[in-house]
1. In the stretch 6-25, what residues are free of Cβ contacts under 8 Å to residues at least 24 places away in the same chain and part of a helix (DSSP H, G or I)?
2. Could you list, in sequence order, all residues of the stretch 106-120 that are out of contact with any helix residue (DSSP H, G or I) (no Cβ under 8 Å at 6 or more places or on another chain) and either under 11 Å from VAL37 (Cβ atoms) or of a type outside the set (D, E, K, R) (or both)?
3. Looking at (1) of a type in the set (Ser, Thr, Tyr); (2) assigned to a loop (DSSP other than H, G, I, E, B); (3) in contact (Cβ under 8 Å) with a residue 12 or more places away in the chain, which is the one condition that is false for SER90?
4. Could you say whether any residue in the stretch 122-142 is surrounded by fewer than 18 Cβ atoms within 10 Å (Cβ to Cβ) and part of a strand (DSSP E or B)?
5. Given the conditions (1) surrounded by fewer than 18 Cβ atoms within 10 Å (Cβ to Cβ); (2) of a type outside the set (Phe, Trp, Tyr); (3) in a loop (DSSP other than H, G, I, E, B), which single one is not true for GLY84?
6. Would you say VAL104 is β-branched (Val, Ile, Thr) and either more than 17 Å from LYS60 (Cα to Cα) or touching a strand residue (DSSP E or B) at 6+ places or on another chain (Cβ under 8 Å) (or both)?
7. Listed residues LYS161, LYS139, LYS110; which is basic (Lys, Arg), over 22 Å from ASP17 (Cα atoms) and touching a residue at least 24 places away in the same chain (Cβ under 8 Å)?
8. With respect to GLY151, is the statement that it is surrounded by fewer than 17 Cβ atoms within 10 Å (Cβ to Cβ), small (Gly, Ala, Ser) and under 30 Å from GLU22 (Cα atoms) true?
Amino acid sequence: MVERALQAGATVINAADGMQSERMWEVASNFNVPIVVPFLSGQNPREMSIVKTDPIKAMKDFFSHRLEKAKQYSLEKNCILDPGTGFAPSNWEWSERFEYQKYVYSNLGKLRDFSLPLYVALPWKETPDHDELLEIVLKSEPEYARAHFPGKVRQVEKRLKNM
C-alpha cells in the first residue's frame, strides 16, 4: 500500500508501524523519501515500566535501534522522529497520559541528540490541560506537526511570540 501511494505521488512515509518491517525499509530505499518514524511504546510489562519511569530514555533507545536499521539502507538522514504521543499511551487514564505527555513535550530537546527533525501530533482538545501541552510543544519548535485546527495553533504561536 505504501509503495502504491509513493508511485501515485506521495512524498513522505508516515510509518505507523515504527519501520519494524524489512519490506518498509526496502520501499523507503527505493523511493528515497522522508520517513516519519513514530515511537512505539510496546505492550509487554517490561517495556511499559521503562516508558513509565523514563520515557525519553525509552524513546532514545527505540530510535537508536531504528536508526541503526536506517543506516543499513543509507536512510538515517531521511528519518523524522515522532515521540508517538498523539495516541499513546492510549490505555492510560487521562491524568496519567497528561503527566506523561507533559514530561515528554518538556524534554523534546533531548531527542535533538539525533540531529534529526521532530514531528509531533499537536494537542487539539479544548481543555486547560491540552492548551498547556500545546504551548509546551510549540515552545520546543518541532519541524513538523499534525494539527486538527491550524488556526488555533497559529493563534497560540502568535501569542507566544508576543510574550
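1. GLN7, GLU22, ARG23, MET24
2. Passing the criteria: SER115, PRO117, TYR119.
3. All conditions pass for SER90, except number (3).
4. No, the stretch 122-142 contains no residue that is surrounded by fewer than 18 Cβ atoms within 10 Å (Cβ to Cβ) and part of a strand (DSSP E or B).
5. (1)
6. No: the conditions fail for VAL104.
7. One residue alone meets the criteria, LYS110.
8. no
Each reported figure results from applying straightforward, stated rules to the coordinates on display, with no laboratory input. All figures in this text were calculated on a predicted structure; none of them were measured in a lab. Please note: Cβ atoms are built from the backbone with ideal geometry, for glycine as well, and neighbour counts cover all protein chains shown.
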